[in-house]
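Peer 1: Structure incoming, see below.
Bear in mind that the values in this text are calculations on the coordinates, not laboratory data. Note that the structure is a prediction, hence the values are computed from the model and not measured. Please note: Cβ atoms are built from the backbone with ideal geometry, for glycine as well, and neighbour counts cover all protein chains shown.
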Amino acid sequence: RTLTVMGFWSWKPIAVASAPVALATPSRVEPIQVFTLAGIVRGTIAPSERRMTDVLNTQPFITVHVADERWETINTDEVLLVAPPPHRGNAQLRVHRQKHRVLAVVGRYEVTGIARVLPGIALDPYLLRTRQHFLPITDAIVRDSRDPSFEQELPVVIINVGNTTELLAFTTLS
């Protein structure tokens with residue numbers, strides 16, 4: 001591949017040859033599942049201080065270690081759901097949010113659980129897209145509409161609001 005960059009002192013592009021980079025497997029990894037239209041990518045990622053929702057909302061790709069020396073890079077626009085590793089967020093970053101028991105339809109998956117949004121924000125996928133691309137749902141149950149035997153109970157599932165076709169709030173809990 002050839003990468004074009006701008007020189008620091010010059011506005012003229014400079015062609016730089018780049019070779020595929022071999023990623024080293026970190027010594028400590030955590031499990032992750034990424035649900036896409038093509039299927040479920042199961043693997044591990046290096047732990048981060050940041051919440052996975054923040055990572056997904058700010059980066060165009062997520063890289064998952066799927067085998068011995070194999071990594072898979074997934075465009076976040078193609079992500080339907082993410083079952084992230086367990087992470088206890090920084091208490092100072094927590095903001096009071098209203099809890100809603102919800103049903104979300106994202107691609108072929110149905111997710112039920114608890115969504116937390118700022119007071120006054122409507123649980124409408126079209127309105128939520130303007131504020132955030134990914135929304136965490138806790139105490140989640142994921143079902144596959146094409147496979148009645150598929151059901152997973154997960155502590156957190158992060159849904160891609162851009163790929164959500166339905167988001168229904170059953171009750172407001174607080």
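Peer 1: Can you work out the Karplus-derived ³J(HN,Hα) for every residue in region 30-42? Use 6.51 cos²θ - 1.76 cosθ + 1.60 with θ = phi - 60°, whole Hz, and x for glycine or proline.
Peer 2: For region 30-42, the Karplus curve yields 10, x, 8, 10, 10, 8, 10, 4, 7, x, 9, 9, 10 Hz.
Peer 1: Right, next: Would you kindly derive the ³J(HN,Hα) couplings of region 147-158 from the backbone phi angles with the Karplus curve 6.51 cos²θ - 1.76 cosθ + 1.60 (θ = phi - 60°), listing them in order in whole Hz, with x for Gly and Pro?
Peer 2: 10, x, 7, 7, 7, 10, 9, 10, x, 8, 10, 9
Peer 1: Order of 51-59, 134-142 by packing, highest average Cβ count within 10 Å first?
Peer 2: So the order, starting with the most tightly packed, is 134-142, 51-59.
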